Structures are given as structure tokens and as C-alpha cells.
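Here's the structure, in C-alpha cells; my notes come after.
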2 protein chains.
Amino acid sequence: MAAYRLQKRCDEEAVFVVEGPKLAGEALASGFGIRTVCATAEWSAEGGARRVERGEFYEVSEAELERLSSMKTPNQVWMLVERKGLDDFKDLGDSEGLVLALDRIQDPGNMGTMMRTADWYGIRHIVCSKDTVSCYNPKVVQASMGAVFRTRVDYVDLPQWLAGCGMPVYGASLQGRPITERLTLNTEHSPAVLLIGNESRGISPEAMAQVTDPVLIPNIGGTAESLNASVAAAILIDRLIG
Amino acid sequence: MAAYRLQKRCDEEAVFVVEGPKLAGEALASGFGIRTVCATAEWSAEGGARRVERGEFYEVSEAELERLSSMKTPNQVWMLVERKGLDDFKDLGDSEGLVLALDRIQDPGNMGTMMRTADWYGIRHIVCSKDTVSCYNPKVVQASMGAVFRTRVDYVDLPQWLAGCGMPVYGASLQGRPITERLTLNTEHSPAVLLIGNESRGISPEAMAQVTDPVLIPNIGGTAESLNASVAAAILIDRLIG
């Protein structure tokens, strides 16, 4: 199925694609609804099929799997998983600790990598501008390495959300204050927002107007123009709460 | 030209592909030898062609550029740049400060991103196992954002190099010592090596045997299995010398 048509259909049906034995295993263990599982005999033989208690199960050939898959090397299993409503993530807590806010992130690899990093640091809530890439994009799901099952991702009017959030907003900015020591943010009692901007254009002026603490990672080398967005996010998260 | 054939030819001729006005500008300013430049009239009109003092220059159509390019959206200019010999990087200093060592890194995006991060932190020397992806792979060059022009990258027998380097070797390992405070590495007087392993298999046993300081980024969330390799490298670099 053409990638675009499949994505449109997934949006309409509120499902997303999960591929490969590792992510499929996380999906089955996650409590997310399973709509459809298409897997090769190899996956069934390794016990995968026994774990499919919900949804429709189809055994498919390698050639059929290849037609379904968007991966270069399709790997045993392709499934459709039901998206969760925001209310389903209430048990993760609302705006406790550090919230990651993403303004116009476009690259699926960066988005998934930031979800994975947030997961590692126990950040359960990501708030995105409406034009940030979907967290259900197949490449995002792959790069997130399962974080998609453990993270609440909201798409909102970001400047408005930041204005009303009642938390300090740290914003990554080349015009920010260099952080030369670890901040003493106590996330249990002092929730805060870390805002990361678009890969080439940075934070939009409207969102930047809501930043209370512009911060910068010191450019020690003095030759590179910028850091990759997901790398900058990781370093700032680590400096804030690592 | 098929990507594989082009790569083989580039290896034989000791050149690499640079694409897009931004990287092309860095190539022209870098002092690297320029073999061939193929660019659209748009690039010439914007003054690009005037800056080509060396090498052959061809004005090409959008369609011709598309046939040359490996990018989804070819962008004005495609060029072949001459690789530098290791001796040409001598002015960067040899093993001063922090050296980044990469064991079996496979993903071009990760490789380029690590070169970009190293560039930001002033790390001028990267030592790789022979089976690490080439720093001249077009996707690596793109992701490096120009770091390829400012970084000496050696491909060596890595365990042997580590054994003889005479520096402490920090190795990223899930069995490492959690770093809970910034290390006080003074890179001017205490050079050291930071070793990063393969995306899924980590550091090889042979290289791990040469690690003097296994280190870990604390898993605060407790749910994610690992971090992206280029993210882990960035956080550890930042903790060591940021």
C-alpha cells in the first residue's frame, strides 16, 4: 500500500503501524489495543502468535510482509495498534516534573529519538505545536524504540499552551544564557518546560515570547553552527534533570 | 548513477560527494581540493560559480542534478571533493584533549551526528574500528553539517589502538559506573578517549577489554532499554568536557 494512503487510513481509523519482533512485543505487553497482526511463520514459530490475545491475526508470506512494510528490511511482523486518547495517559501524571515542548519538529528520526530520550529520563509528557511531525509516523514509532507506548504526546496551539502552563519555560536558543553548571531543578516540586525548536529555523517568535529562561549549550569548538535538535534536547534534559 | 557504483568509484578516486549550497559553500571555504562541481543556473546566479576557483565546473539542468543526487530533494549543487590524507590534519593536533572512538557504528545518521557534536565541542580527532560506516558516505557527510571538513577520522584496528594509546578510555556501557556528577577532566592536560559502541550490540568484547572507566548515563525513567548511540555520545561528551 502506498505510504501516503496508508498513513491517511491510519489517521482515520486512529491506529498506527508497529513493525518488527521487538516493538511488536512491546505493543503486546503495553495494554494498547491491537487491531491487526500480520506475521510470518517464523514469528509464530518463535512464540509470537501465542501472545496475540486481541485483534485479528494473519499469517503472511515474506513477500506479503514486504508489501505491507515501509521498512527497508521487513522483519517478521507488522501490526496495527489502536491510538490512545489523552485521558488514557492520565495515570502518567499531568505536568509533573519536566515537560518537553516541541515547536515545528519535522524530522521523524529526531522526533522518535527525542521520545526515546524523554523515556530514558522519565519524562512522560510531550507537548507539540500542531505542525510537528506525528508521533504515529512509522519512522517516529521505530526511532522511539517503544517510548510511544509510554508517553503522552499532545498537539496544541503551542504559544497559547506555554502562556497558560504556569511553569518556567527553558528554551534552547543560540541567544540564550550559556549553562556552565548543572541546574538544580527539583522536578518533584518545581515542574518546568523545556522547549526545542525546528531543526533549521529554531523556536518560532510566538513561542519564544513565552520563554522565561533562554538557554544555550556552550559552543566549545567554535566552528560548528549548531547541534542536531535531538542531541541538543538530550544534552539540555541531562543538564536539567540528569 | 547507482548509489553503490558511485560509492565504489569515489573510494577508488579518493573523493566524496558534497550536496546543497550550504555544504558546498563550506567545501569551497575549507581548503579541500575540489574535483568537480555540477550546479544549476540558480546556484550560479546566486554567486556560487564565482567561488569555484579549482576543479571542473558544469552547469546542469534540474533533471541532470536529480540523476546525480542521492538526496530526496536535490538542491542546486553537487560536487566531488578530494579526501585528505591523515597527514593533512596534523595541524589539528594529535590526541590532544578528548578523542572520540567509535566501535562498529553502522547508521550514517548517527555517524554524521556524532561528527557534528564532536565539532561543536572542539573534538578534532575521531578513531573508528574498520567496520564503522565511512565518514565519506553521502548521508554521513550531510548529517555532519560540515564537520567532515574539520575532523580527522582514522579507521584502525581499534582494540590495538586503544591498547597503545596511553590514555584513560571511558566506555559507554550499561554495566558502567553511573555518572552522577560532572567529571573534572581537564582536556588541556589530561587527554582521554570516549568509546561508543554499536547501536544494538554495544562495545565489542575486544574493545571493552581496553576500557579503563566504564560509564553509564543513569536510567532515571527506568522504562527505556537504551539511548540512541549519538545521543549517548553527546551526553557523555557534555558530561566530560561541557
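Numbers for the structure displayed
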item	result
Of all residues making up region A:112-126, the number that are under 10 Å from the mean Cα position of the chain (by Cα) and in contact (Cβ under 8 Å) with a residue 60 or more places away in the chain	4
Some residue of region A:50-59 being among the charged types (D, E, K, R), part of a strand (DSSP E or B) and in the same structural domain as residue A:28 (by TED's automatic domain parsing)	yes
Which listed residue, of B:42, B:12, B:64, B:26, is over 27 Å from residue B:108 (Cα atoms) and either modelled with pLDDT of 90 or more or assigned to a loop (DSSP other than H, G, I, E, B) (or both)	B:42
Pair list, Cβ < 8 Å and 6+ apart or interchain, from region A:155-172 residues that are touching a residue at least 12 places away in the same chain (Cβ under 8 Å) to residues that are basic (Lys, Arg)	A:155/A:130; A:156/A:130; A:157/A:130; A:158/A:130
Residue list for region A:212-236, restricted to those being in a helix (DSSP H, G or I) and within 7 Å of another protein chain (Cβ to nearest Cβ)	A:230, A:231, A:234, A:235
Condition met for residue B:153 (part of a helix (DSSP H, G or I) and buried (at least 21 other Cβ atoms within 10 Å of the Cβ))	no
In region A:125-140, the residues that are under 14 Å from residue A:84 (Cα atoms), buried (at least 22 other Cβ atoms within 10 Å of the Cβ) and either facing chain B (nearest Cβ under 8 Å) or modelled with pLDDT of 95 or more (or both)	A:135
Residue match in region B:92-109 (condition: among the polar types (S, T, N, Q), within 17 Å of residue B:162 (Cα to Cα) and not assigned by TED's automatic domain parsing to the domain that holds residue B:71)	yes
Hits in region B:156-190 - residues which are part of a loop (DSSP other than H, G, I, E, B), at pLDDT 85 or above and at negative phi	B:157, B:165, B:167, B:168
For residue B:175: the one exception among (1) buried (at least 23 other Cβ atoms within 10 Å of the Cβ); (2) more than 13 Å from chain A (Cβ to nearest Cβ); (3) among the polar types (S, T, N, Q)	(1)
Hey, residue A:195 buried (at least 17 other Cβ atoms within 10 Å of the Cβ), among the aliphatic types (A, V, I, L, M), modelled with pLDDT of 95 or more and over 14 Å from residue A:215 (Cβ atoms) or not	no
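The values are calculated or read from the model by the stated rules, or taken from the named source; none is laboratory data. If you're wondering where the values come from, they're calculated on a predicted model, not measured in any experiment. Glycine gets a Cβ as well: all are built from the backbone with ideal geometry, and neighbour counts include every protein chain shown.
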